[in-house]
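The values are calculated or read from the model by the stated rules, or taken from the named source; none is laboratory data. Just so it is clear, the model here is predicted, and its values are computed rather than measured. Cβ atoms come from the backbone with ideal geometry, glycine included; neighbour counts cover every protein chain shown. Heavy atoms of the whole protein, side chains included, go into the accessibility calculation; ligands, DNA and RNA do not. Shrake-Rupley method; radii C 1.70, N 1.55, O 1.52, S 1.80 Å.
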Amino acid sequence: MTRRAGGMAEVGASTPLYGAGPDDEVRDAIEGRDASVAVYGLGKMGLPLAAVYAARVGDVIGVDVDESVVESLNGGDCHVDREPELPGLTTRLVEDGKLRATSDARAAADAASVHVVIVPTPVTDAKEPDLSVVDAVVESVADGLSPGDVVFVECTVPPGTCRDRVVPTLVERSGLDADEFGVAFCPERTSSGRAIEDITGAYPKVVGGVDAESARIAEIVYGYVTDNEVIRASDARTAEAVKLFEGLYRDVNIALANELGTLADDLAIDVREAIETANTQPFCDIHDPGPGVGGHCIPWYPYFVMSRVTEPTPLLRMAREVNDSMPAFTARIVERELGERDTPMDRARVLVLGVTYRPGVEESRATPAGPLIAELNHRGAETLASDPLLDHDAIASFGAEPVDVSELVRTDPDAVVVVTPHEEFDAIEWDGFDDVLVVDGRDSVGDTGHRTYTIGSGRR
Ligand SMILES: NC(=O)c1ccc[n+]([C@@H]2O[C@H](COP(=O)([O-])OP(=O)(O)OC[C@H]3O[C@@H](n4cnc5c(N)ncnc54)[C@H](O)[C@@H]3O)[C@@H](O)[C@H]2O)c1
Ligand SMILES: CC(=O)N[C@@H]1[C@@H](OP(=O)(O)OP(=O)(O)OC[C@H]2O[C@@H](n3ccc(=O)[nH]c3=O)[C@H](O)[C@@H]2O)O[C@H](CO)[C@@H](O)[C@@H]1O
């Protein structure tokens, strides 16, 4: 079988895998670097994934719509920060000709026989999964799809997406029959800050095929690309649910921690201590209370399930309500604690530390800092914010006056609220503040010498 003419690589360059023969022949094709891989989406997850594939398979074409990402990668640079190993690995792979980037998805699809999709899957304002980017990529893949190709979807999608959305699009647009190519869901079980470690095998890789042959090929490919075991789920829909269930467990668990955390004053205990102690036996693993749950994973995944089922999901909904209530709870604590010091909110300057959703990650989608700042402003405070990973415009877009980390003490706030404890905040000289209230959302600041209220622990 030959590639469609006009592909990036010469015709016939990439070996088809789906239906290509016994396991050892498929493995030989992968190990022999005869199968080109296209990775669509070169972001926080896609670039590390493309690098791991390139290091193992030897021929990866990264695709991104952001020309600056494409230029950066082709220049051997790494645009994703704070990922150990990634900058050096990226430079070496580009220099060795194993990894290159393009914004031409069609050309990449023509050249590759393995297509890995890892683009954003956000939720709309109406809390519906937005699969428009996945659709666009799948259409490009279809335009370059050849018999024997395989498509691995790694970005999180609602259950049923691969079988009921991806396959029909590929069939209709490519003109191929569904039994001429493979589709599998192979979820990205990776966290920013440890992506290479996670991708190469911190946990088992899960794969689920729309048919047995798709699952077989996925199992062989990921058995070669990762160092850990590969778990073959019954089908793609099950694998899609596995990824979501991981996130739903985390959202519900954090909601329990948050609800317990709001009881610290009522119970007159340090709830964080009680949780830590309760967790000393193996049947308890309560997570940490905080000012809210952010990012483009955990707060969004519940809607991928709720939007696809008819049965009521009261626990998922309630967990979202509890977690989304924490910014307002935190603002109430600020108002109450300042009120005890005769500082009304309409005369208060409140400094928020950390706007991204978690430390060290330049991602502010669904960050709890947003609604917290809105609540503080609504209660009349003059709100300032600082985040070493965001520029002033990004911080100002949340409704707070941006402050550089080096200028914190000079803002002379009445209260400081820690939402996201970036490591840069460890250097804060708290004795430079004049009698400030500290509200510590993440139990991160230790003894500042100032009156401190820790979410989940109460007053210190
Ligand atoms: N970030 C995480 O912690 C994490 C963890 C596990 C799974 N995931 C999943 O991976 C997906 C991607 O996450 P991420 O953190 O890499 O996102 P990201 O926003 O960091 O990167 C997305 C990249 O895709 C590119 N892109 C957008 N549209 C495109 C298109 N049509 N074709 C090609 N590229 C396109 C963007 O330019 C960007 O570079 C998420 O939606 C999520 O489902 C993320
Ligand atoms: C592969 C994948 O998808 N990986 C995801 C990724 O998730 P993520 O990058 O979105 O980060 P999370 O750590 O889940 O945090 C989300 C928000 O919840 C807040 N939070 C967290 C814990 C807690 O006890 N209390 C909290 O309040 C935190 O501040 C932040 O705002 O890594 C997690 C492992 O780290 C995985 O489990 C998760 O599947």
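Below are the figures for this structure:
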quantity: Placed amide H near residue 63: partners under 5 Å, 5+ positions off or other chain; calculated: 39, 40, 41, 102
quantity: Solvent-accessible area of residue 287 with every protein chain in place, 1.4 Å probe, in Å² to the nearest 10; calculated: 30 Å²
quantity: DSSP bridge pairs, the chain: antiparallel proportion in percent, nearest 5; calculated: 10 percent
quantity: Spread of Cα-to-Cα distances over 5 Å intervals beginning at zero, given as percent, for segment 253-318; calculated: 3, 15, 21, 19, 16, 14, 8, 3, 0
quantity: Accessible area, probe 1.4 Å, largest first, for residues 417, 210; calculated: 210, 417
quantity: Within segment 33-160: Cβ-based charge dipole about Cα centre, in debye rounded to nearest 20 (Lys, Arg +1; Asp, Glu -1); calculated: 420 debye
quantity: Segment 162-219-segment 253-274 distance, computed between alpha-carbon centres (Å); calculated: 40 Å
quantity: More than 15 Å apart - percent of Cα-Cα pairs taken over segment 138-204; calculated: 56 percent
quantity: In Å, descending, principal axis extents of the Cα set of the chain; calculated: 79, 48, 38
quantity: Cα-based equivalent ellipsoid of segment 255-460: semi-axis lengths in Å, sorted from largest, via gyration tensor; calculated: 28, 21, 16
quantity: Distance between segment 362-421 and segment 82-134 - C-alpha centres, whole angstrom; calculated: 32 Å
quantity: Cβ-defined net charge surrounding residue 39, 12 Å radius [Lys, Arg +1; Asp, Glu -1]; calculated: -3
quantity: Listed residues 222, 303 arranged by accessible area, highest first, probe 1.4 Å; calculated: 303, 222
quantity: Computed P(r) (all Cα pairs; segment 41-149; 10 Å bins; percent); calculated: 15, 45, 30, 9, 0
quantity: Dipole-positive endmost among 395, 242, 155 within the chain (Cβ charges, Cα centre); calculated: 242
quantity: Note, ³J(HN,Hα) from phi for segment 64-71, Karplus 6.51, -1.76, 1.60, rounded to Hz, x at Gly and Pro; calculated: 8, 7, 8, 4, 5, 5, 5, 5
quantity: For segment 109-247, projected area of the alpha-carbon convex hull averaged over all directions, nm²; calculated: 8.2 nm²
quantity: Using distinct alpha-carbon pairs, which all enter the 1/r mean, Kirkwood radius of segment 5-234 in Å; calculated: 17.2 Å
quantity: For the chain, size of Cβ-based charge dipole, Lys and Arg +1, Asp and Glu -1, in debye; calculated: 860 debye
quantity: Long-range HN-HN contacts of residue 151 with modeled amide H, under 5 Å; calculated: 115, 182, 183, 184
quantity: In order through segment 268-277: 3J(HN,Hα) via Karplus (6.51 cos²θ - 1.76 cosθ + 1.60), integer Hz, x for Gly, Pro; calculated: 6, 9, 8, 4, 4, 5, 5, 5, 4, 6
quantity: Charge dipole magnitude, Cβ of K and R +1, D and E -1 - segment 272-360, Cα centre, debye nearest 20; calculated: 300 debye
quantity: Formal net charge of residues neighbouring residue 185 (Cβ-Cβ distance under 13 Å; K, R +1; D, E -1); calculated: 0
